[in-house]
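What follows is a short report on a single structure.
The values are calculated or read from the model by the stated rules, or taken from the named source; none is laboratory data. Please read all numbers here as calculations on a predicted model, not as lab measurements. Cβ placement follows ideal geometry from the backbone for every residue including glycine, while neighbour counts extend to all protein chains displayed.
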Amino acid sequence: MASDEKELVQKGEARLKWARDRMKVLGEVREHLKKKGNLKGVRVGMALHTEAKTGVLAETIHEAGAEVCLTSCNPLSTDDCVAAALRQSSGIEVHAKRGQSQEEYYDSLNRVVDFEPDYVIDDGADLIFLLHTDRKDKLEGVKGANEETTTGIIRLRAMAQEGVLRFPVMSVNDAMMKHLFDNRYGTGQSTFDGIMSSTNLLIAGRRLVVAGYGWCGRGIAMRAKGLGARVTVTEVDPVRAIEASLDGFEVSPMAEAVEQADFIVTATGCKDILRKEHFERMKSGCVMANSGHFDNEISKTDLESISSSVRNARDNVIEYSLAGGKKIFLIAEGRLVNLAAGQGHPVEIMDMSFALQAMALGYLLDNHEKLSPDVHPIPTDIDEWVARTALKGMGLSIDSLSDDQRGYLCGWRDGT
Ligand code: ADE
């Protein structure tokens, strides 16, 4: 092996070890699945952001006996050291590479389809979509899937609604132990990891606009406030807008918010949130980033159409020069800032999310024949098991109900 390849592998191994040593909930699931033994010989195709925590999930499923084929679910989110380390020694087939063109990205997804998976683990539903469109030839063999993220679940529900979804999908995203922590605290922290490491700019005292007040937007706004930013939230949902206001944030339409913005972060799951009319009203120096799954929240087509020049300002930051000498900046080509410019969610958060993924795979194995081709919730007992195991790992104890109290909560006669 060439010396720089060796260095890459060593770096990847260290990152995997760092994550593995701290993913204790997933470690318990690994032992449970190994003991159960029913993953032996099962083929699992994965399209997940290929970085250290994902590597530990892939190893877990492989160690439990499955054959695993992994690629990324985003052309810019692969950690090449981790991919190299997994390729070198794990026995897992890895196709992910950072900086893939759209064509290379789909080539890699196609390699996972060629692997003929029995089960699929997806993030954003590109792999499941491919199996239902261009690669229907391999659809028949798939018994079920897990989906990681809000955007994927929205796509899959639309497919189920139209009656085109052909296998059951477990909605990992909707489990309490996923979206309450991963979407809120995970995205909250990792978004700033990406923004701060790519720009090295001060957040305190600056005006930061968050587009969308779902679980991700809530987390981003909360962390921005903690860093000392003055925060404005934009929304289309009146209930969420009131929630943002009562949480202490300014609320205004995007067209007004952009005029004061030093930073704008999109986290809506919708397209064209920032477009020509907004770019034209921004202050010079404004920095834009996207934390939603797809790179269509900030219109690069509009940005390019009104720019006299486009250049790399520094690693991961593109400068657009507009009329009158105004310059505005885009991080990581508008792709998920926390993975394309940062290291993804914190290890402890992904421990809980990926423990759910591994448990949901075990559940699918046992139950796929009984499940309709639809989007299914993670059973409450799995969610609660992950919560109790994580809580124990945090060294926290809680109270429990007496039989009398449980009876009181379930009954209706005992009102006084
Ligand atoms: N690391 C692996 N998958 C991730 C995700 N969906 N979001 C953030 N970090 C991740």
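Could you run through the stretch 60-78 and say how many residues are more than 14 Å from the ligand (Cβ to nearest atom) and either among the aliphatic types (A, V, I, L, M) or in a strand (DSSP E or B) (or both)?
Result for the stretch 60-78: 6.
Filter the stretch 79-110 for residues that are touching a Leu at 6+ places or on another chain (Cβ under 9 Å), without any contact (Cβ under 8 Å) to a residue 40 or more places away in the chain and not charged (D, E, K, R) and give the result.
Once the filter is applied, which keeps residues that are touching a Leu at 6+ places or on another chain (Cβ under 9 Å), without any contact (Cβ under 8 Å) to a residue 40 or more places away in the chain and not charged (D, E, K, R), the stretch 79-110 yields S90, I92, H95, G99, Q100, Y106, N110.
A quick yes/no check of all residues on (1) buried (at least 19 other Cβ atoms within 10 Å of the Cβ); (2) among the small types (G, A, S):
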{"residue": "V172", "(1), (2)": "yes, no"}
{"residue": "S190", "(1), (2)": "yes, yes"}
{"residue": "T199", "(1), (2)": "yes, no"}
{"residue": "L202", "(1), (2)": "no, no"}
{"residue": "V209", "(1), (2)": "yes, no"}
{"residue": "G217", "(1), (2)": "yes, yes"}
{"residue": "A257", "(1), (2)": "yes, yes"}
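Of these, E147, E116, which one is modelled with pLDDT of 95 or more and surrounded by fewer than 17 Cβ atoms within 10 Å (Cβ to Cβ)?
After applying the criteria, what remains is E116.
Got a number for residues in the stretch 335-351 being more than 10 Å from the ligand (Cβ to nearest atom), crowded, with 24+ Cβ neighbours inside 10 Å and part of a helix (DSSP H, G or I)?
Of the residues in the stretch 335-351, 3 are more than 10 Å from the ligand (Cβ to nearest atom), crowded, with 24+ Cβ neighbours inside 10 Å and part of a helix (DSSP H, G or I).
Within the stretch 223-255, work out how many residues are touching a strand residue (DSSP E or B) at 6+ places or on another chain (Cβ under 7 Å), loosely packed, with under 15 Cβ neighbours inside 10 Å and small (G, A, S).
Count: 1.
Within the stretch 365-376, can one find any residue that is over 30 Å from V317 (Cβ atoms), within 16 Å of the ligand (Cβ to nearest atom) and modelled with pLDDT of 95 or more?
In the first step, residues of the stretch 365-376 are kept if they are over 30 Å from V317 (Cβ atoms); the result is 365-376.
Pick out the ones that are also within 16 Å of the ligand (Cβ to nearest atom) and you get none.
No: the stretch 365-376 contains no residue that is over 30 Å from V317 (Cβ atoms), within 16 Å of the ligand (Cβ to nearest atom) and modelled with pLDDT of 95 or more.
Go through the stretch 141-188 and give me each residue that's assigned to a loop (DSSP other than H, G, I, E, B) and either within 16 Å of the ligand (Cβ to nearest atom) or without any contact (Cβ under 8 Å) to a residue 12 or more places away in the chain (or both). Steps first, please.
Let us first name the residues in the stretch 141-188 that are assigned to a loop (DSSP other than H, G, I, E, B), namely 141-143, 148-149, 162-168, 175.
Listed by number, the residues that qualify are E148, T149, E162, G163, A175.
One line per residue, one yes/no per condition, for (1) in contact with a helix residue (DSSP H, G or I) (Cβ under 6 Å, 6 or more places away or on another chain); (2) surrounded by fewer than 22 Cβ atoms within 10 Å (Cβ to Cβ):
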position	(1), (2)
R20	yes, yes
L26	yes, no
L48	yes, no
N74	no, no
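Filter the stretch 122-140 for residues that are more than 16 Å from the ligand (Cβ to nearest atom), under 13 Å from Y106 (Cβ atoms), of a type outside the set (S, T, N, Q) and surrounded by fewer than 24 Cβ atoms within 10 Å (Cβ to Cβ) and give the result.
F129, L130, D134, R135
Select, from S284, S307, the only residue that is surrounded by 16 or more Cβ atoms within 10 Å (Cβ to Cβ), farther than 30 Å from V82 by Cα, at pLDDT 95 or above and small (G, A, S).
Exactly one of S284, S307 is surrounded by 16 or more Cβ atoms within 10 Å (Cβ to Cβ), farther than 30 Å from V82 by Cα, at pLDDT 95 or above and small (G, A, S), namely S307.
For the stretch 106-136, what are the residues that are in contact with a Cys (Cβ under 6 Å, 6 or more places away or on another chain) and of a type in the set (V, I, T)?
V112
Restricting the stretch 100-123 to residues that are in a loop (DSSP other than H, G, I, E, B) and touching a strand residue (DSSP E or B) at 6+ places or on another chain (Cβ under 8 Å), which is nearest to A332 (Cα to Cα)?
Checking each candidate, the answer is D123.
Being within 15 Å of the ligand (Cβ to nearest atom), over 19 Å from D122 (Cα atoms) and touching a strand residue (DSSP E or B) at 6+ places or on another chain (Cβ under 7 Å) is the requirement here; does A360 meet it?
Values: within 15 Å of the ligand (Cβ to nearest atom): yes; over 19 Å from D122 (Cα atoms): no; touching a strand residue (DSSP E or B) at 6+ places or on another chain (Cβ under 7 Å): yes.
When the stated conditions are applied, A360 does not pass them.
Could you look through the stretch 231-258, keep only residues that are charged (D, E, K, R) and in a helix (DSSP H, G or I), and pick out the one that is farthest from R281 (Cα to Cα)?
So the residue we want is E243.
Can you tell me which residues in the stretch 277-304 are farther than 28 Å from C73 by Cα and either in a loop (DSSP other than H, G, I, E, B) or not acidic (D, E) (or both)?
Within the stretch 277-304, H278, F279, E280, R281, M282, K283, S284, G285, C286 meet the criteria.
Restricting to the stretch 15-33, give me the number of residues that are touching a residue at least 60 places away in the same chain (Cβ under 8 Å), assigned to a helix (DSSP H, G or I) and not basic (K, R).
Pass one, the stretch 15-33, residues touching a residue at least 60 places away in the same chain (Cβ under 8 Å): 15-16, 18-19, 22-26, 28-30, 32-33.
Okay, now just the ones that are also assigned to a helix (DSSP H, G or I), so 15-16, 18-19, 22, 24-26, 28-30, 32-33.
Restricting the remaining residues to those that are not basic (K, R) gives 16, 18-19, 25-26, 28-29, 32-33.
Going through the stretch 15-33 one residue at a time, the tally reaches 9.
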